[in-house]
Structure formats: C-alpha cells, structure tokens
Amino acid sequence: MKFNTKTIHGGQKPDPAYGAVMQPIYQTSTYAQSTPGGHKGYAYSRSHNPTRTALENAIASLENGTYGLAFASGLAAIDAVLKLLQPGDEVVSTNDLYGGSYRLFTKIYEDLGIKFHFVGMQNAKNIEHYITPDTKLIWVETPTNPMMNIIDIVSASGIAKKHKVLLAVDNTFATPYLQNPLDLGADIVMHSVTKYLGGHSDIVMGALVVKDKELADRLYFVQNASGAICGPQDAFLALRGIKTLHIRMQRHCENGKAVAQYLDDHPRIKNVYYPGFTTHPNHNIAKSQMKDFGGMVSFTTTGNNYQEAINIIERLKIFTLAESLGGVESLAGHPASMTHASIPKEERENLGIVDSLIRLSVGIEDVDDLIADLRQAIG
Ligand SMILES: Cc1ncc(COP(=O)(O)O)c(C=O)c1O
C-alpha cells in the first residue's frame, strides 16, 4: 500500500460491531468478562482500548513498523524509552533538541543516575567519540528544533549497530510522510503526535513505533505499568488528523519553501535555517533521507537583538504567537524565551538559539497571505 493510501486505510478496518467506517470512540475504562479472563482482548483501558489500538496500528503502518504505542504526550513517549535504562547507563543525544526533551534528560534522568552526552551530530562521526561500554541509547532529533540541523540517520544507525546500542529518532518535524527512520536503520521512532500527525492543534499526544517484538514488549510493559496512555477521544482525533497528513504535508512543504525563500531574499533578515536550501550544510543528507523539506523555518534579523524579534512577532497577524507547531494554522515562536527557555542561556547561544531567533511553523493557508503578513511585520 502506498503512503497516501496508508494514511486513510493503514492498520484500520471498519468496526466489526456495526461496520462503522470511522473507528468508534470506545469511551470506556473497562469491559464485561464472561468469566475471569473471558474477554474479547480488552480488559481495562490503561492496558488496551480499541480506539487506541486502531491509532497505534495506523501510526505503525505509516512508519513501516510493526508495533505502535500511543502515549499521553510526546514527552511521555520519550519517558517510556528512557525507562528502558538503568542507573549507570549512558545516552548520546543530539545537542540541539526540543527544550522539553533536554529538561527531561537533565532534570529527571540525570538525577536518577543516567549520564547524557549532548553532541553536535551534524557530522555523525562525532557520535562515536562519546560511546562507552555503558552507552545504551543514541537519541537523534532530525531536523532539529529549532536550528533545523540535519543528522544522517543511516550513519547514526551504523554506529548504533556496531556498538550494539539502540538508536531512537524523534521524527516529529519530518513526519512519516517525509522520512521513515526505521527504514534507515533506527530501532525506535518517536512522535509528538500533538504536531503534524494530529495536525489541528487540538490534542496533546505521543507515539513510539518499533519493528522488534522484544523491544515492543518492553515498551508495552512500561506503557501499561506507568500508565501514561492517551484517551480514546484523543485517539479518534489523531486518527482523523492522520487521514489528511499527506495532503497537509504537501502544502506545508510548498508554503515552507516559499516563506524560506522570501525571508532569505529580505535585506533585514540575517540567517534563514531551512534544510531545503542548497547552502544548508547537510542539504544533501536531507535530500537523501527526506522526501521534501517540511514546513519549519527559523530565522534571525540583521539587528540581532531581542526587542526587534519580539516586535516582529507581535506585529504578525496571520501567524499566531504560540508554543507548538505542525497544525494547519501558521504559528510563530521565540525559542529562547518559549520552547527552549529550559536550556541555560550560554548553551542555548552556543547552539545558535540567540535572542533574535524566530521559529515559524508554516501552515497551509494561502502562501500569498503568509508572505504579506511577514512583509508587514518585518517592514
Ligand atoms: C521535536 C519535539 N519532540 C518532542 C516534543 C514533545 O512533545 P509533547 O509536547 O507532545 O509532549 C516536542 C514538542 O514541542 C517537539 O517539538
């Protein structure tokens, strides 16, 4: 089945009870049993719920995986992966990553005895310098949030396999429409479903997909034991969002490209971070592992100061100033004070997350309106 068909049919069948084409919302915590253990595969909704199962199968199908697991948020999904580790274990992580992932790693798991090495992985060879006998996991985010760095998943996977450690890829920015990390050798693919998969800024949810049964069993154990599952209503909304993922992503990519080009040509804009530019340092890797370049664009202004960035953001009328990304509507954010505020200032600035950096999630509105909005805001 091709991707554009999988978004609509992947892992889903009409409901056996009445033939409902859309997966019903099984808003129930428990299920009648004829005798203890005599149920139809569902005993309690923390463990399994038919609406969640349909979503988990759909996401697994989009990522060419075998097992999907849905969680209460993207961070709950990441948390489940980290719960596979023991005190003393080490993780080699992308240094430029979502601030909340960094906070989870450094403020919770470091205190529990896990050591993290934050590494610039634009040259994937750098990963290998940080591998020790205690390394259990390589954590890759690509494209990175918000600097749009690209990490070579095939090379990272070669290193992971050589040292027998797990490779997990946060595929939130790319989505399975653009990039399938499991096909490139990753063991675990993670999504903040909150973003493009949901696509309508109306849910908070996360997911993991794997191919290996033993790994799936270990993650399922954590999902059930810790209980950070998503509810059936949200699973339904995510399923509905996924049905248009391919069409939305096509438009996000077209609009993202046009906005990036507009900004790059603007005399008051200094740097534009967008992997679709041939001048992007890892453009060729992006081209080889992604189908297109997505709808995320970050930029700095020539004035290079906090107030100028804030003035631009506050003048925007169609782009909404908000956290998050990946919805149909365009959003603008100021990473240094919003999504990445939990990263210490010096580390942030070393990564390029300066006070003048603005991050755009380019939506699927008419691109002429988006560019006109940026024109009036930047001046
Ligand atoms: C790349 C990335 N990973 C993970 C997350 C966390 O997801 P959630 O907000 O659904 O917990 C986010 C949220 O912004 C993100 O951008």
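The values are calculated or read from the model by the stated rules, or taken from the named source; none is laboratory data. Every value quoted in this text rests on a predicted model; they were computed, and no experiment measured them. Cβ placement follows ideal geometry from the backbone for every residue including glycine, while neighbour counts extend to all protein chains displayed. The area values use the complete protein model at the heavy-atom level, side chains included, leaving out ligands, DNA and RNA. Shrake-Rupley method; radii C 1.70, N 1.55, O 1.52, S 1.80 Å.
For the listed peptides 218-226, 45-53, 14-22, a ranking on the average number of other beta carbons within 10 Å per residue, highest first, reads 45-53, 218-226, 14-22.
Taking only protein heavy atoms and a 1.4 Å probe, the accessible area of the stretch 191-270 is 52% carbon and sulfur. Normalise the Debye intensity by I(0) for the chain, one equal point scatterer per Cα, no solvent, then take log10 at q = 0.08, 0.09 Å⁻¹ and round to two decimals. For the chain, the Cα-only Debye profile gives -0.40, -0.51. Of the residues 85, 62, 245, which exhibits the maximal mean-square fluctuation in a Gaussian network model of the chain defined by a 10 Å Cα contact cut-off? Among 85, 62, 245, the largest mean-square fluctuation in the Gaussian network model of the chain belongs to 85.
Summary of the geometry: the stretch 166-183 and the stretch 324-379, compared by the centres of their Cα atoms, lie 22 Å apart.
Along the stretch 69-81 the Karplus relation, 6.51 cos²θ - 1.76 cosθ + 1.60 evaluated at θ = phi - 60°, assigns HN-Hα couplings of 9, 9, 10, 5, 6, x, 5, 5, 5, 5, 4, 5, 5 Hz to successive residues, with x for each Gly and Pro. Comparing 357, 235, 66 along the charge dipole axis of the chain, the residue lying farthest to the positive side is 66, per the Cβ-charge model.
Using a cut-off of 32 Å between Cα atoms, the listed pairs 257/317; 213/257; 107/287; 162/291; 164/257; 13/211 include 213/257; 107/287; 164/257 as exceeding that distance. Once neighbouring chains are kept in place and the probe is 1.4 Å, which whole percent of the accessible area of the stretch 1-137 is contributed by carbon and sulfur? Using a 1.4 Å probe with all protein chains present, the stretch 1-137 comes out at 55 percent carbon and sulfur. Residues in the stretch 38-44 carry Karplus couplings, in order, of x, 10, 9, x, 10, 10, 7 Hz; the curve used is 6.51 cos²θ - 1.76 cosθ + 1.60 with θ = phi - 60°, and Gly or Pro positions show x.
May I ask for the angle, rounded to the nearest 10°, between helix 50-62 and the longest principal axis of the chain, with both axes built from Cα atoms and the value confined to 0 to 90°? The helix 50-62 is inclined about 50 degrees to the chain. Excluding ligands, DNA and RNA, the accessible surface per residue across the stretch 222-379 is 41 Å² with a 1.4 Å probe. For the chain, modelled as a GNM with alpha-carbon contacts under 10 angstrom, which of 41, 99, 198 fluctuates the most? Of 41, 99, 198, the Gaussian network model singles out 41 as fluctuating most. Cα centroids of the stretch 36-73 and the stretch 112-165: how far apart, whole angstrom? With the stretch 36-73 and the stretch 112-165 each reduced to a Cα centre, they are spaced 29 Å. Surface analysis of the stretch 153-202 yields an accessible area of 28 Å² per residue, using protein heavy atoms and a 1.4 Å probe. With respect to the chain, whose longest principal axis is taken over its alpha-carbon atoms, helix 245-265 is tilted by about 20°.
Among 95, 145, 311, the largest mean-square fluctuation in a Gaussian network model of the chain (Cα springs under 10 Å) belongs to 311. Size descriptors for the stretch 209-320 (Cα atoms only): Rg and Dmax, in that order, 19.8, 55 Å. In percent, what relative contact order does the chain have, based on Cα pairs under 8 Å that are 6 or more apart in sequence? Contact order relative to length: 17 percent. Solvent exposure of the stretch 1-145 amounts to 47 Å² per residue of accessible area, where only protein heavy atoms count and the probe is 1.4 Å.
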